[in-house]
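The values are calculated or read from the model by the stated rules, or taken from the named source; none is laboratory data. What you see is a predicted model, and the numbers here were worked out from it, not measured in a lab. Here the Cβ positions follow ideal geometry from the backbone for every residue, glycine too, while neighbour counts run over all protein chains shown. To get the accessible areas, we keep the full protein, side chains included, count just its heavy atoms, and leave off ligands, DNA and RNA. Shrake-Rupley method; radii C 1.70, N 1.55, O 1.52, S 1.80 Å.
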Amino acid sequence: QALSASMLSLTLPNVRFIRMRDVQWPTPPTPGQRLFGGLASLRSLELCDISDMLHSPNALKSLESAPLLEALRVSNCPGLREIAADPSKLPRLAAVNLGSSDLQQQTKTWEFLAKLVALRTLAFDGTVSVVRTAQKPFFDNATAAGRLRKVVFESPLTGPLSQTLADGHVKSVVKHLTSLRELFFCDCGRITGSCLSSIPQAGQATVEEISFMVSSTRDSVLDRSLVDALTTGAFKALASLMLPTAVRPVKDLLTRLSPVCPRLRCLLIDARRSTLKEVVVPPKPAAGFAGATWRVNGFDMWERQITLKKLKK
């Protein structure tokens, strides 16, 4: 479906949520064409699969009229290379999800993100080229990176092995994450797990959830360095850990993690990527580990509750 210039010129002062998907930007482009206007009530904006935006560099400048905007997602919008809005006019923008290659490959994008004072959640493609582009303007900036509480390395749908992240790339991203709460790897690729040791001590002490997943085409290379990093005693707030496969026997993991991660309540091992079949729970609650559940399952919903019901039976 094609958008018209007249549609985009509308002012929407009462709209709180906008989701646009599978539409075409007006062609030929109108000089200075922007996305709507008067967005005084807008809280969330999602742009997915918008085509022909190459000649509209100021498309998102109208976000300056959305001071209440809290969440922004841009996915697969070829040609869009800049968020042209003034970041100082977006004081509440806390969550940004970048899934558009052209936008992520621009230094200006990361300079914009570094100036968002409310930014707490950031998702982006976990590729070598994106990390290299973002490193200097954003992740080397201790103030900008230190604001983040949730970081998601998304898995691009396609890409050569040379673009798959290794531990060194991840270390350059996490080195200033002093307020980290959640860390997700949607395709852990060539990551062994040693990169966790590069999270600052303050970030290690606050992180509550770590998740490693793999794509359907690659096996995990996580190894004992992951367990070594987690068992230093620094990850005391860790409550949930997801692995694509057991890096060592589950009972061994339990023995090592129990005394150093007292808040851990759920270990998820994706049965689709593992040879383990049995449900494994501690026969007796370990000291500081009461209520922990360990279950091999292909799904991560209600993990603790399901296991507790089984134990009651």
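Please compute P(r) over all alpha-carbon pairs of the range 56-161, binned at 5 Å starting from zero, and give each bin as a whole-number percent.
It works out to 2, 12, 25, 28, 20, 10, 3, 1, 0, in whole percents.
Report Rg (one decimal) and Dmax (nearest whole number) for the range 107-155, counting Cα atoms only, units Å.
Computed over the Cα atoms of the range 107-155, radius of gyration and Dmax are 10.0, 27 Å.
Over the range 108-191, what is the percentage of antiparallel beta bridges among all DSSP beta bridges, to the nearest 5?
Restricted to the range 108-191, the bridges split so that about 10 percent are antiparallel.
Hey, what does the equivalent ellipsoid look like for the range 159-201, semi-axes from the Cα gyration tensor as sqrt of 5 times each eigenvalue, largest first, whole Å?
20, 10, 9
Binning at 10 Å from 0, report for the range 27-89 what percent of all alpha-carbon pair distances ends up in each bin.
Reading the bins upward from 0: 22, 56, 22, 0.
Taking all protein chains in place and a 1.4 Å probe, what share, in percent, of the accessible surface of the range 95-210 do carbon and sulfur account for?
47
Multiply the residue gap between H55 and A166 by 0.36 nm, knock off their C-alpha separation, and tell me the result in nm, one decimal place.
36.4 nm
Once the Cβ-Cβ distance between R224 and Q24 is put in as r, and R0 is 41 Å, what FRET efficiency do you end up with, to the nearest 0.05?
That gives a FRET efficiency of 0.20.
Tell me the per residue accessible area of the range 1-151 using a 1.4 Å probe; a whole number in Å² is fine.
44
For an R0 of 25 angstrom, estimate the FRET efficiency from the Cβ-Cβ distance between Q1 and A118 and round to the nearest 0.05.
The value I calculate is 0.15.
So what is the diffusion coefficient of the range 1-127 in µm² per second by Stokes-Einstein at 25 °C and 0.890 mPa s, using a Kirkwood Rh over Cα pairs?
Approximately 170 µm²/s, per Stokes-Einstein.
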